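Engineer: Got a structure here, written out as structure tokens. Questions coming.
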């Protein structure tokens, strides 16, 4: 049997393919089969014990044992659901902690941005609307979508400042600006690492809430949905396709 995907002789997509993160949260749902499964855990063995008791198919003590202990699988599964709910709640807290770490680094970048913006304001035309967005971000508008948007705007502002610094030797020579840009470079690496950690945790959440039966049943009844990972802006992706050398 030949390989389904042959990287040597298979058809090649010469044009390549771009991928994008879909901004959509998928709710967790369960069907009738899950309900039947749960009911069966509580009832199948007791029913077998009852039938055996009525028909004398098994010795009476065995039949009574099946009746008494038959609900044990259902009881065990109930405890499993309790533990699954606790796990998912704990994972939610980790997602929040990872997101907060991104916020911390972005906050530091905003502080640096505010420190240098006055020094370069005369050299470049700063976008007041962007600065207002950054200020709003600092005031606590840190939902997932707002965090992603603010991060992209901060990246854009630093890119423009970097271009201005390169274009104006007097600015480039200022120690304050040079130090600020070094700090920004360091923080950008930390932001990247924090985003990776956040996305890893989100990926874990998106997989675990569909782990049938326990976690998926719990997630569906709790109304949980998938989460959208941190994404790059269209502008950043377009710039990455550019020719640098």
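Engineer: Once label points are set 7 Å from the Cα along Cα→Cβ at both residue 2 and residue 200, what is their separation, rounded to one decimal in nm?
Structural biologist: Simple spin-label model gives 4.0 nm for this pair.
Engineer: Test of understanding: what is the full-extension gain from residue 104 to residue 68, defined as 0.36 nm times their sequence separation minus their Cα-Cα distance?
Structural biologist: 7.4 nm
Engineer: Mind giving me the nanometre distance, one decimal, between the label points for residue 14 and residue 222, set 7 Å out from Cα along Cα→Cβ?
Structural biologist: Taking the two extended label points, one gets 5.1 nm.
Engineer: Apply the a/c threshold of 1.5 to the C-alpha gyration tensor of region 29-70 and tell me whether it is rounded, prolate or oblate.
Structural biologist: Here region 29-70 falls in the prolate category.
Engineer: Residue 160 to residue 22: FRET efficiency via 1/(1 + (r/R0)^6), r the Cβ-Cβ distance, R0 30 Å, to the nearest 0.05?
Structural biologist: 0.50
Engineer: Can you compute the FRET efficiency between residue 34 and residue 86 using 1/(1 + (r/R0)^6), with r the Cβ-Cβ distance and R0 = 30 Å? Round to the nearest 0.05.
Structural biologist: 0.90
Every number in this text was worked out from the coordinates using simple rules, so none of it is lab data. This one's a predicted model, so the numbers in the text were calculated from it and none came from an experiment. So basically every Cβ, Gly included, is an ideal-geometry build from the backbone, and we count neighbours across all protein chains shown.
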